[in-house]
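What follows is one structure encoded as structure tokens, with my remarks underneath.
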Amino acid sequence: MAIAPEKTSLGALGERGDRNSPTVFNAGFHMAQFWDGRAADLKEQAKGPIMNPVEMAIPDEATAINNLREAGYSEYFAKAFPAAAEPMTYDNMAEAIAAFERTLITADRFDEFLKGDNNALTADEKQGLRTFISTGCIACHSGSMLGATMYQKMGLVNAYANTTDIGREAVTGNASDRFVFKVSPLRDVSRTAPYFHDGAAATLEEAVEQMAWLQLGRRLSAEDTASIVTFLNALENTKAPTLNTQL
């Protein structure tokens with residue numbers, strides 16, 4: 001039986017986080033990490049959830065490292081950081097996690113299309129790309145990841161219903177950053193429902209319709225919504241996962 005995706009994730013002690021968990025695929029290409037950009041890179045991001053009281057709830061760095069030592073990771077850290085006087089440190093742990101996450105890169109038929117294979121996308125998918133561009137989605141969902149290159153207010157033209165999460169303002173303290181979040185990347189987006197920072201959009205169709213209204217002030221027709229979703233489905237990862245477990 002398929003498990004329905006949840007808006008937010010359960011932590012180690014059963015408490016639920018207040019934001020939707022983004023995919024780690026392609027995260028190494030993002031301008032910053034977390035919805036509000038509070039971590040500059042993957043290494044900094046990796047340190048956060050471990051001692052977050054809701055997520056992993058480990059009390060301090062020493063406990064985290066001791067847990068790894070008791071689990072038998074000492075020899076692996078020694079191999080991964082052979083020049084370090086003390087290989088197993090919290091900083092090295094974060095570096096190792098970040099190094100792994102940088103390998104999680106998707107590939108899709110749109111890549112082949114961009115390389116010049118005009119047959120990589122179907123006629124409907126190409127029309128969806130044209131609709132995606134002409135509607136204005138490309139203004140924010142740009143770059144190689146089709147997003148994750150800028151921050152934008154959620155509800156730029158029409159206000160978003162959720163006003164509890166103030167977004168990047170909590171990081172910067174600037175009122176101009178209220179309700180501002182990192183623009184979501186769209187690679188492999190068909191497999192990452194639900195959508196938005198609060199997981200409020202259950203389907204890709206719902207997300208596309210809401211984004212057009214909230215960010216562009218446009219009410220999309222059912223035909224245009226379906227066309228854009230057809231293109232977005234072509235961004236699904238086709239690369240078989242591989243993992244080298246030999247250290």
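Taking the inverse of the mean reciprocal distance over all distinct Cα pairs, the Kirkwood hydrodynamic radius of the chain comes to 20.0 Å.
Between Ile50, Ala71, Ala4, the Cα set farthest toward the positive side of the dipole of the stretch 1-157 (charges on each charged residue's Cβ, about the Cα centre) is that of Ala4.
Amide H contacts of Val180: Met154, Arg168, Glu169, each under 5 Å away and 5 or more positions distant or on a separate chain (H built 1.01 Å from N in the peptide plane; Pro and chain starts excluded).
Evaluated with a Cβ-only charge set (Lys, Arg +1; Asp, Glu -1), the stretch 109-233 carries a dipole of roughly 320 debye about its Cα centre, given to the nearest 20. Structural descriptor for the stretch 109-233: relative contact order 29 percent, calculated from alpha carbon pairs under 8 angstrom and at least 6 residues apart.
Largest mean-square fluctuation among Ala62, Ala139, Ala159, in a Gaussian network model of the chain whose springs join Cα atoms under 10 Å apart, belongs to Ala62. Rounded to the nearest Hz, the phi-derived 3J(HN,Hα) couplings of the stretch 230-238 under the Karplus curve 6.51 cos²θ - 1.76 cosθ + 1.60 (θ = phi - 60°) are 4, 5, 4, 5, 6, 8, 5, 4, 10, where x marks glycine and proline.
Between the helical axis of 61-70 and the longest alpha-carbon principal axis of the chain there is an angle of about 70 degrees. Since only Leu146, Pro22, Ala161 are under comparison, the one whose Cα sits farthest along the positive direction of the charge dipole of the chain, derived from C-beta charges on Lys, Arg, Asp and Glu, is Leu146. Over all pairs of different C-alpha atoms in the stretch 27-101, the reciprocal of the mean inverse distance, the Kirkwood hydrodynamic radius, equals 13.1 Å. Taken over the stretch 1-59, the alpha-carbon convex hull comes to 101 cubic angstrom per residue. Here Lys126 is the anchor, and the lysines within straight C-alpha reach of less than 19 Å, apart from those fewer than 8 places off in the same chain, are Lys115. Taking the three principal axes of the alpha carbon atoms in the stretch 173-213, the coordinate ranges are 34, 20, 15 Å, sorted in descending order. Overall shape: oblate for the stretch 113-247, with the ratio a/c of the largest to smallest alpha carbon gyration tensor axis at 1.5 or above and b/c at least equal to a/b. Ellipticity at 222 nm from helices only: DSSP H runs of n ≥ 4 in the chain, each -39500 (n - 2.57), divided by the residue count, give -10000 deg cm²/dmol. Evaluating 6.51 cos²θ - 1.76 cosθ + 1.60 at θ = phi - 60° for every residue in the stretch 207-219, the Karplus couplings come out as 5, 5, 4, 5, 4, 4, 6, 5, 9, 10, x, 10, 9 Hz, glycine and proline recorded as x. For the chain, a crude dipole built from +1 on the beta carbon of Lys and Arg and -1 on the beta carbon of Asp and Glu, taken about the Cα centre, is about 440 debye to the nearest 20.
Computed about its Cα centre, the charge dipole of the stretch 27-101 is approximately 100 debye, with only Lys, Arg, Asp and Glu carrying charge at their Cβ.
Could you tell me how far the Cα centroid of the stretch 79-112 sits from the Cα centroid of the stretch 161-205, in Å? With the stretch 161-205 and the stretch 79-112 each reduced to a Cα centre, they are spaced 26 Å. Only aspartates and glutamates eight or more places from Lys239 in sequence, or on another chain, were considered; those with a Cα closer than 20 Å are Glu101, Asp108, Asp111, Glu112, Asp117, Glu125, Asp188.
A short reminder: the numbers here are calculations on the coordinates, not readings from a lab. Remember, it's a predicted structure, so these values are computed and weren't measured experimentally. Heads up, the Cβs are rebuilt from the backbone with ideal geometry, glycines too, and the neighbour counts pull from every protein chain shown.
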